[in-house]
1. Just how large is the dipole of the chain about the Cα centre, in debye to the nearest 20, putting +1 at every Lys and Arg Cβ and -1 at every Asp and Glu Cβ?
2. Does anything in segment 108-133 have its amide N under 19 Å from the 7 Å Cα→Cβ label point of ALA169, and if so which residues?
3. Taking the number of other C-beta atoms within 10 Å as the exposure measure, put VAL69, VAL204, VAL120, VAL145 in order starting with the fewest.
4. What residues have an amide H closer than 5 Å to that of GLY133, excluding those fewer than 5 places away on the same chain, when H is modeled at 1.01 Å from N in the peptide plane?
5. Placing +1 at every Lys and Arg Cβ and -1 at every Asp and Glu Cβ, with all other atoms neutral, what dipole size does segment 180-261 have around its Cα centre, in debye to the nearest 20?
6. Against the longest principal axis of the chain, how steep is helix 42-52, in degrees 0 to 90 to the nearest 10, with axes from Cα atoms?
7. Mind checking which of GLY19, HIS98, ALA139 is farthest towards the positive end of the chain's charge dipole, using Cβ charges of +1 (Lys, Arg) and -1 (Asp, Glu) about the Cα centre?
8. Find how much the distance from ASP258 to ASP273 grows on full extension, using 0.36 nm per residue of separation minus their present alpha carbon separation; answer in nm with one decimal.
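The numbers here are math on the coordinates, done by the rules we state, and not lab data. All values reported here derive from a predicted model rather than from experimental measurement. We place every Cβ from the backbone using ideal geometry, glycine too, and count neighbours over all the protein chains shown.
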Amino acid sequence: MRRMHEITIAFIGGGNMAGAIVGGLRRGGVDPARLRVVEPLAAQREQLRERFGVQAQAEPGPQLESVDVVVWAVKPQQFAQAARALRERAPASAGALHLSIMAGVRCAAVARLAAAQRVVRAMPNTPALIGRGVSGLYANAQCGVAEREVAEQVLRATGELVWVDSEPALDAVTAVSGSGPAYMFLVLESLIAAGVRLGLSEDVARRLALGTMSGAAALAADSPSTPAQLREQVTSKGGTTAAALDVLRQRDLAGAFDAALQAAARRAAELADALERDSGG
């Protein structure tokens, strides 16, 4: 397998998630000369150059002909146009490994529109911006162990990586982790608001809620106990926690989460279907 410092990577799209990956690669010692970004917004290009020292152009060109990896980081609705521009101006890039972090764009669509063979699709989430994300990955049949290892090297700086065996499983990944930060933020909002109604200041309620959520997550990650066992350990019969949990069970919190994730997974599949119809797939 080629080492990271030997690989040239092109990012199509220079937004926040692309910037998070570029930043992680630079911190890992990757030469900025091996990182090339295509980003139409001048302010974004300048920011990438200043922060990371990378090459950034408004459009693809011959500088992308020899890249080893193409990272697709554009909005899904912009993909068809961006892929056409890459095919026309850097046709040799079709032979690279194509790594997509676009939501709702299936491997087949990437392969067809970018004329690519080897495609890895990743579903990251927003904590990747601080290196604390988790990404689900799927590789098409043309990818082998080497391609998987390269994809892992590119994405490792964003956080944890989990491979799935089927592409439809990425819809479930989207529901659990891709959209998951929003669920956690909603829980935080609710905890803070309830704390304020109980008489706490907003600052105190926020600090308590944030510390509790981050601490509970860290404990769950480090403990050999399951989340259910950890919940039981903090719940005394007839105590305050039991009283609160009784209300959450009566309101069917578990059922609400199940329905919510089913809706998110279903919507992820619908968006992918719609994109394929719109792009002539």
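1. Charge dipole, the chain, about its Cα centre: 280 debye, nearest 20.
2. Counting only backbone N, you get 108, 119-125.
3. VAL145, VAL204, VAL69, VAL120
4. ALA128, GLY159, GLU160
5. So the magnitude is around 160 debye.
6. 80 degrees
7. So the residue furthest toward the plus end is GLY19.
8. That works out to 3.1 nm of additional length.
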